[in-house]
Structure formats: structure tokens, C-alpha cells
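The structure appears below as C-alpha cells.
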């Protein structure tokens, strides 16, 4: 299973050619995202002016209905907390949402994430970050 980060989903919805091409290459893969990624995508849309929020929400729902959505559970929470603590001790802090996403994907035996923010996820040794 491969996780699609919010940055990838946003670029895909904007029809950015790099994201569209990467999705075509992943056509035979089992694709997923996390509930946290969906939150990030929706937050970005809701904060912008001039966007039809209802239409955007419908587009997001149509997209995620075609892939798996991983939820935050107890194991994911523990994983995320350990990741955040380890990175904080090393002075290599990333956003809480990136730690939550990583914790969730690891608790679902997913080891790869497709992201524009490769440098964030590269700090987490258990996660393979692929750019596009």
C-alpha cells in the first residue's frame, strides 16, 4: 500500500502534470491516504477565498471514495508520539500532522508516502518518502 500525502492530493486536484504523471505510474498500486491528510486538504480549501467549498468537498469525496482511507487508532497515536519525541530529542522537529500521518501509515503496514514535502518525511527512518 502507498499513502498519498495532502501535498500530492492538492497537486492532483489542481491537475499539475507531475502529480498526474505520478498517479498514472501508480495505477496498479493499492493507494491510500489518511484522515489527517483529508483534514489538511479541506483546511487549505476552506481558508482560501473565492473557492466553492461545497464543490471542492464533493471533488475530495469523489477522489477518496476510490482509495483507502486510514484512520488514527491507538497504535497510530503511539507511533506518532514516538516519532515526534524522537525527532524533538534530535532537534529535527516536523509538524504534528506529519507525525500523525506517519504514525497512521506505519500502524497500517504502509511504508511509502508520495509527497512534495519529501524532506519532512525523510527524517522518519521507518517511512520511505517518494517525490514526484
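Considering 67, 124, 51, which residue is in contact with a strand residue (DSSP E or B) (Cβ under 7 Å, 6 or more places away or on another chain) and either within 18 Å of residue 5 (Cα to Cα) or at pLDDT below 90 (or both)?
67 is the lone residue from the list that is in contact with a strand residue (DSSP E or B) (Cβ under 7 Å, 6 or more places away or on another chain) and either within 18 Å of residue 5 (Cα to Cα) or at pLDDT below 90 (or both).
Select from segment 47-60 the residues that are under 18 Å from the mean Cα position of the chain (by Cα) and over 19 Å from residue 19 (Cβ atoms) and list them in ascending order.
57
The values are calculated or read from the model by the stated rules, or taken from the named source; none is laboratory data. Since this is a predicted model, take the numbers as computed values, not measurements. Neighbour counts run over all protein chains shown; Cβ positions are idealised from the backbone, glycine included.
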